[in-house]
Structures are given as C-alpha cells and as structure tokens.
C-alpha cells in the first residue's frame, strides 16, 4: 500500500507550505471547502500550477466540489512531515534569538522549543520566553539525552561553524541557520539558510524589474486627477 | 548599447545573491580570482549551473583564468540593483523589529535604515539602534517627504494589511513582510514574504527526505568504531 514517495521539488515544497498557511487560516475561520482557483488567486499563482502541486498529495479533492479544507491540510502536513511535532533547540540568545523564542508561528506549526543555549555566562540562567538559558557547554549532553530534532542557529558568524559541528556531533539532523555565513549541508546534516539581507536583495530586484515594466511608455496611464 | 535585459528567473536571482555573499567574503579576505567550480562546491551546486547563472551577467570571466572577484561582485550587484543604496524604513518595533534594527548585514549590502515606526505611544521617542522610534501616524508624511524605497514590516498579523495599505499610499514600492499573513503584491507594490515557520517546515521536509534516503538498507555503512 505505502508506495515509496518520490522527493517533491523544492519549489513545490515551498508552495505547499504557503497553501498550508492559507488553509490553516481558513480552518480557524470555519471555512469547510476550497477550490484550487481561490488558493491560486490568494497567492498570485495560476490555477493549473496549484492543481499540479496538489496532485503530489495523492487522491484529494472532488471534481466540481473542490477540496475539504481539513482533508487538504492534513494531506499537506503528512507530506511535509509536520503532522508530528518536532523538538527544536535555539542556540544564540541575542536580539534575534530573543525574537525567535517568542515567535508564535513555530508552535502553531508543531515546532516545540525545548531549550535555549548561549555561550555568554552572563546570560546563562536568564529566562527567554518560557525557557531558562543554558550554557553552550551543556548542548551536547542535552541533545544526547533528550529527543531533539532540529536547531535554530542565531549565533554570530564567527561562532556558527563550531556550533554547527557541535550540533552535528550530538546528532541534530537539521539546522535553520540565521548566522550570516554558509554552513554546508552533508549526509547527516541538512542546513536551511535564512539570510535576511538576501531577502531584501530579492525584494530590491523584484522592485527594479516591476518598475522597468511599468516604465514601458505604452503602459503609462493618462492622469487626469 | 543598453539592450533591455530580460527578467532573470527567481531561482537564479536567489543563487546570484548567494554567489554575491561568497564573493564579498572573498573580497574582504583579499582573494582576487575565483573559478565557478569553487563557488559550486561552496554552495553545493554543480559547476554547469553556476556557469549558466553567471552567463546572465553578460561578458565576465576568462576561459582558464576564472573570474576577477571584484568584477564579478560588481556585475552581480549591477544586475540585482544593489550597486546603489536603498533607503529602508522599519515598521513595528517588537522583539523582531529590534533584532532587525541591529542586523549588520543590511547596511553591508547597501540597505540603509532611515526610520523606525511603531503604533505604541509608549515606544515613540525610544532609541532603537541609531534611530528614534516615530509614531505610525507620521509614516505617510515621512515617506512623502523623504526618499524611501523599501519597508520592512514586523508588525502583528492583525495590523499588517492596514500598514501595508498606508505604505502603498505613501509610495513605497517594496515590502519585506515578516508578519505571519499574506499581503498580496500588486502593480505598484512588490511584497516579499519571510515566514520563519515556513523555513522550519522546509527544513523539516528536507530532513525527512534525507533520512528516508539514508534508511535505504543498501546505503547503511558498516560501523566498526
């Protein structure tokens, strides 16, 4: 029955996470059914793209009726692996670490912050969110003795590689990396980088592009106000 | 001479921003030349992909010699639009806003934070980084009177749409959105979403995938230590 599932392309995974977020908002507002066209419009995609993506989930939805919101949510979560909860530790409690410790979205998606670490002895023992900050030296024994799935890395660039090596030795298999330095993935460690300056660069590029398009003379509207 | 440039696909833009970051690190460390293969290895891509991406930049690099780091950096910045500086305002000074206000990477990439806004009268007048927090009501007059290119939105979901509408009315053409809600782009406004829970979901999916691969029995290594 359980046919091995082929890996879904990264771009599709990204869109599935977006659909999931929309669907969860609909579920909270009590909506029971949704059509692919509605999702497409909300997210600025085209309908056939959405339908192709959702076909990765196997048999969901009914011709003419659309999708049951609850069913589609569950199917996406199953494929993404977020139908279970993940234990996450947070390493590096500067400004960004503090912000992340209070970020509600993680918990809503099944990511449970179970510990926070910092190398600064002044910070050890302080509260951050509901957690008490532990010394970075306790990281390896903690991860070995407790079920930890993922780590969020919010340390300075200069510490990032050594902390990542520590995490890998302890058996953490995924790192969400906020440090502004590349940490290469390897066979037993997957690293997902989040570089906020890159996001601004992507935005800047899109803005430049859309201005070039709108400066095309034939597109200039007549202004009469 | 200036042939109109076709829009570069989003995935290529993403990789160009990664190359740029590597190149800037190399420039700081005094390296003068780089080969596409080195960039490929650093970033876990294949060489032909990197060469194809760099060909979007026009004539750069020399067969057998590779690329001059400085020249390649400049060419990528020109294409991305980050060879100029961008004035950015920050809206919403909670934990995340505070972290963002101190994020060094923005300035290094030519993104200059010129003002910070919050709707909480208790916060108005406080310092955040080098800025004094302004009242959200001053946002429109500020943007109209000063050159502002982009906004970083770090307000709660409940306020995000109304603040985005304010920004658009004032003439801001790009928003980097951290609020956990979809703000649709339109003709005169480009929205780049950053949802940190989605990043964790993508990471979780990659981890599940790589575990499935490594659990394939034929791949299990013999352990003798």
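A few remarks follow.
- When A:191, A:172 are screened for being assigned by TED's automatic domain parsing to the domain that holds residue A:90, in a strand (DSSP E or B) and touching a residue at least 24 places away in the same chain (Cβ under 8 Å), only A:191 passes.
- The residues on offer are A:7, A:2, A:11, and the sole one that is modelled with pLDDT under 80, assigned to a loop (DSSP other than H, G, I, E, B) and under 28 Å from residue B:192 (Cα atoms) is A:7.
- Looking only at residues of the range A:85-101 that are modelled with pLDDT under 95, at the interface with chain B (Cβ under 9 Å from one of its Cβ atoms) and not in a helix (DSSP H, G or I), we find that the one that is farthest from residue A:177 (Cα to Cα) is A:86.
- Restricting the range A:160-178 to residues that are out of contact with any strand residue (DSSP E or B) (no Cβ under 8 Å at 6 or more places or on another chain) and under 29 Å from residue B:102 (Cα atoms), the residue that is surrounded by the most Cβ atoms within 10 Å (Cβ to Cβ): A:166
- Filter pass, residue A:99 being closer than 21 Å to residue A:168 by Cα and in contact with a helix residue (DSSP H, G or I) (Cβ under 9 Å, 6 or more places away or on another chain): no
- Matching residues in the range B:114-132 - criterion: being more than 11 Å from chain A (Cβ to nearest Cβ), closer than 30 Å to residue B:73 by Cβ and either modelled with pLDDT under 95 or surrounded by fewer than 19 Cβ atoms within 10 Å (Cβ to Cβ) (or both): B:114, B:130, B:131
- For residue B:107, the stated conditions hold: it is within 11 Å of another protein chain (Cβ to nearest Cβ), surrounded by fewer than 15 Cβ atoms within 10 Å (Cβ to Cβ) and outside any strand (DSSP E or B).
- Any pair with Cβ under 9 angstrom, 6 or more apart, that starts in the range A:42-64 at a residue that is outside the structural domain of residue A:14 (by TED's automatic domain parsing) and free of Cβ contacts under 8 Å to residues at least 12 places away in the same chain and ends at one that is surrounded by fewer than 14 Cβ atoms within 10 Å (Cβ to Cβ) and in a helix (DSSP H, G or I): none
- Test result for residue B:77, part of a helix (DSSP H, G or I) and within 22 Å of residue A:206 (Cβ to Cβ): yes
- Per-region count, the range B:44-70, residues touching a strand residue (DSSP E or B) at 6+ places or on another chain (Cβ under 9 Å) and under 14 Å from residue B:17 (Cα atoms): 1
- Residues that are away from chain B (no Cβ under 14 Å), out of contact with any strand residue (DSSP E or B) (no Cβ under 8 Å at 6 or more places or on another chain) and surrounded by 13 or more Cβ atoms within 10 Å (Cβ to Cβ) were ranked within the range A:138-159; the one that is farthest from residue A:115 (Cα to Cα) is A:159.
- In the range A:182-201, the residues that are buried (at least 20 other Cβ atoms within 10 Å of the Cβ), more than 7 Å from every other protein chain (Cβ to nearest Cβ) and more than 16 Å from residue B:202 (Cα to Cα): A:183
- Flag for residue B:195 being in contact with a helix residue (DSSP H, G or I) (Cβ under 9 Å, 6 or more places away or on another chain) and at pLDDT below 85: yes
- Per the listing A:145, A:162, the residue uniquely within 25 Å of residue B:209 (Cα to Cα) and over 22 Å from the mean Cα position of the chain (by Cα) is A:145.
Listed here are the residues, each with its yes/no results for (1) within 12 Å of residue A:15 (Cα to Cα); (2) outside any loop (DSSP other than H, G, I, E, B); (3) within 24 Å of the chain's Cα centre (by Cα).
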| residue | (1), (2), (3) |
| --- | --- |
| A:30 | no, no, no |
| A:40 | yes, yes, yes |
| A:48 | no, yes, no |
| A:51 | yes, yes, yes |
| A:54 | yes, yes, yes |
| A:59 | no, no, no |
| A:64 | no, no, no |
| A:70 | no, yes, yes |
| A:73 | no, yes, yes |
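- Residue that is farthest from residue A:56 (Cα to Cα), among those in the range A:16-44 that are loosely packed, with under 14 Cβ neighbours inside 10 Å and within 12 Å of another protein chain (Cβ to nearest Cβ): A:28
The values are calculated or read from the model by the stated rules, or taken from the named source; none is laboratory data. Remember, it's a predicted structure, so these values are computed and weren't measured experimentally. Neighbour counts are summed over all protein chains in view; Cβ atoms, including those assigned to glycine, are modelled from backbone coordinates with ideal geometry.
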